[in-house]
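Asker: Sharing a structure below in structure tokens format, with a few things to ask.
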Amino acid sequence: MQNTIIMSIETSCDETAVAIIKNGQEILADVVASQIATHQKFGGVVPEVASRKHLELINVVIDQALRESGLNFRDLTHYAVTYGPGLVGALLVGVSTAKALAFAAEKPLIGVNHIEGHVYANFLTNNDIQFPLVCLIVSGGHTNLVKILDHGQYEFLGATRDDAAGEAFDKIARALGLGYPGGPQIEKLAREGDPQAVELPRAWLEEGSFDFSFSGLKSAVLNYLNQCHMKNIAVNKADVAASFQEAVLDVLVEKTMLAAQESQVKTVLLAGGVAANSFLRDKLKRRTQEVGIKLYYPPIKYCTDNAAMIGAAAHYKALRGEYADLDLNAVPNLKFG
């Protein structure tokens, strides 16, 4: 197949992102316009505000990506876009834009699942990843364990039954009076605390289960804070943050290691926004090194939402001829698995 030069668009939440990726790895342009400052005063993402900001920014970001790459629309071979999961209004901005560009240029359109995009952030920056492998995907809305046999061939091992890990981080950060987004704030504060200071539960679920559950842990932290308040006991926020983080990471790492050993793989990938957490990286790195498993995780800038990972995933879809029709629609609750 000829070279792919894919313009990819990501607007699933509060980043307006456009990238131009050659052959799945060569980053010709990578532009991200973040809305974090806009949503911080609300303590979280406001969907209507996010959609309007995407409308304001999408054409500006596309123009910047073309300038950064030195290319024009005629040089592109495909257009790719995140079509779910995410905020429906935000997704529609990206999907509508990508469909219009593909139609006008008479080039193939590729729809990408946002969660699959997070997996491919690893392939964007590594060319020696060996199959089969197990991937832990941890983000604000998703916590999944997946066995990947080859590109596009997945065996879904486990998922969250309630709160995802990143969602739990955000909720506890809010309860502690920290800023948005919560994950980085918890990680920063945890450095000053004792991870053994507050006794908190770990939800292992049924024996052999690779599913996750963090709602009980979240409730335990909230109950602890309420009890301290009722008894007029001073709360050491750093200790709470460290103990909460340790409880989450213990389950993530142990279940990933069990899945890798049961699947008899020698490679583990870490993906998603929570993959930027240095404690998680270090803990999983130590455990994989102990048993001779190779661990990969993306640079921090590609852990959070970006369009480059969407372009990487789209490259392998293009190789398989997996194209979308022009009636592609946003699917806010799109499943991965």
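Asker: Where residues in segment 110-130 are surrounded by fewer than 22 Cβ atoms within 10 Å (Cβ to Cβ) and in contact with a helix residue (DSSP H, G or I) (Cβ under 9 Å, 6 or more places away or on another chain), which of them is nearest to VAL49 (Cα to Cα)?
Answerer: Our first condition is that a residue be surrounded by fewer than 22 Cβ atoms within 10 Å (Cβ to Cβ); within segment 110-130, this holds for 113, 123, 125-130.
This time we only want the ones that are in contact with a helix residue (DSSP H, G or I) (Cβ under 9 Å, 6 or more places away or on another chain), so: 113, 123, 125, 129.
Values: ASN113: 23, PHE123: 33, THR125: 33, ILE129: 39 Å.
Among those residues, the one meeting the criterion is ASN113.
Asker: Do you know which of the residues in segment 26-44 that are at pLDDT 95 or above and out of contact with any Asp or Glu (no Cβ under 8 Å at 6 or more places or on another chain) is nearest to TYR83 (Cα to Cα)?
Answerer: The qualifying residue nearest to TYR83 (Cα to Cα) is ILE27.
Asker: Let me ask you something else. Might you let me know whether segment 145-168 holds any residue that is assigned to a helix (DSSP H, G or I), buried (at least 18 other Cβ atoms within 10 Å of the Cβ) and over 14 Å from the mean Cα position of the chain (by Cα)?
Answerer: Filtering segment 145-168 down to residues assigned to a helix (DSSP H, G or I) leaves 165-168.
Pick out the ones that are also buried (at least 18 other Cβ atoms within 10 Å of the Cβ) and you get 165-168.
With over 14 Å from the mean Cα position of the chain (by Cα) added as a condition, the list becomes 168.
Yes; the residues of segment 145-168 include at least one that is assigned to a helix (DSSP H, G or I), buried (at least 18 other Cβ atoms within 10 Å of the Cβ) and over 14 Å from the mean Cα position of the chain (by Cα).
Asker: Related question: In segment 4-25, what count of residues is obtained for those that are in a strand (DSSP E or B) and at pLDDT 95 or above?
Answerer: First pass over segment 4-25, keeping only residues in a strand (DSSP E or B): 5-10, 15-22.
Checking which are at pLDDT 95 or above leaves us with 5-10, 16-22.
The qualifying residues number 13.
Asker: Based on this model, can you work out whether ILE5 counts as farther than 19 Å from THR304 by Cβ, of a type in the set (Val, Ile, Thr) and touching an Asp or Glu at 6+ places or on another chain (Cβ under 7 Å)? Reasoning before the result, please.
Answerer: Numbers: farther than 19 Å from THR304 by Cβ: yes; of a type in the set (Val, Ile, Thr): yes; touching an Asp or Glu at 6+ places or on another chain (Cβ under 7 Å): yes.
Here the answer is yes, as ILE5 does meet what is asked.
Asker: What number of residues within segment 96-106 are over 22 Å from the mean Cα position of the chain (by Cα) and buried (at least 19 other Cβ atoms within 10 Å of the Cβ)? I'd like the intermediate steps shown before the answer.
Answerer: Just the residues of segment 96-106 that are over 22 Å from the mean Cα position of the chain (by Cα), to begin with: 96-97, 99-106.
When the remaining residues are screened for being buried (at least 19 other Cβ atoms within 10 Å of the Cβ), the result is 97, 99, 102.
Going through segment 96-106 one residue at a time, the tally reaches 3.
Asker: Could you tell me whether LYS283 is under 22 Å from ALA164 (Cα atoms) and at pLDDT below 95? Spell out the reasoning first.
Answerer: Working: under 22 Å from ALA164 (Cα atoms): yes; at pLDDT below 95: no.
No, not satisfied.
Asker: So, one more: For segment 107-144, give me each residue that is more than 14 Å from the chain's Cα centre (by Cα) and assigned to a loop (DSSP other than H, G, I, E, B).
Answerer: Selection gives LYS107, PRO108, ASN126, ASN127, ASP128, ILE129, GLN130, PHE131, PRO132.
A quick yes/no check of all residues on (1) of a type in the set (Val, Ile, Thr); (2) surrounded by 24 or more Cβ atoms within 10 Å (Cβ to Cβ); (3) under 22 Å from ASN122 (Cα atoms):
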{"site": "MET7", "(1), (2), (3)": "no, yes, yes"}
{"site": "ALA17", "(1), (2), (3)": "no, yes, yes"}
{"site": "THR38", "(1), (2), (3)": "yes, no, no"}
{"site": "ASP63", "(1), (2), (3)": "no, no, no"}
{"site": "PHE73", "(1), (2), (3)": "no, no, no"}
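Asker: If GLU290 satisfies all but one of (1) in the same structural domain as PHE212 (by TED's automatic domain parsing); (2) without any contact (Cβ under 8 Å) to a residue 24 or more places away in the chain; (3) not hydrophobic (A, V, I, L, M, F, W, C), what's the number of the condition it fails?
Answerer: If we test GLU290 against (1) in the same structural domain as PHE212 (by TED's automatic domain parsing); (2) without any contact (Cβ under 8 Å) to a residue 24 or more places away in the chain; (3) not hydrophobic (A, V, I, L, M, F, W, C), just (1) comes out false.
Asker: Of everything in segment 316-337, what is touching a strand residue (DSSP E or B) at 6+ places or on another chain (Cβ under 6 Å) and closer than 18 Å to ASP150 by Cα? Give them in sequence order.
Answerer: Passing the criteria: LYS317, ALA318, PHE336, GLY337.
Asker: Across segment 177-201, which residue is surrounded by the fewest Cβ atoms within 10 Å (Cβ to Cβ) among those that are farther than 16 Å from ALA276 by Cα and modelled with pLDDT under 95? Let's see the steps before the verdict.
Answerer: First pass over segment 177-201, keeping only residues farther than 16 Å from ALA276 by Cα: 177-179, 192-201.
Narrowing further to those that are modelled with pLDDT under 95: 177-179.
Values: GLY177: 9, LEU178: 19, GLY179: 13.
If we take residues in segment 177-201 being farther than 16 Å from ALA276 by Cα and modelled with pLDDT under 95, then GLY177 is surrounded by the fewest Cβ atoms within 10 Å (Cβ to Cβ).
Asker: Okay, moving on. All but one of (1) at negative phi; (2) at pLDDT 95 or above; (3) among the polar types (S, T, N, Q) hold for GLN264, so report the exception by its number.
Answerer: In the conditions (1) at negative phi; (2) at pLDDT 95 or above; (3) among the polar types (S, T, N, Q), GLN264 misses (1) alone.
The values are calculated or read from the model by the stated rules, or taken from the named source; none is laboratory data. Just so you know, these numbers come straight off a predicted model, no measurement behind them. Neighbour counts run over all protein chains shown; Cβ positions are idealised from the backbone, glycine included.
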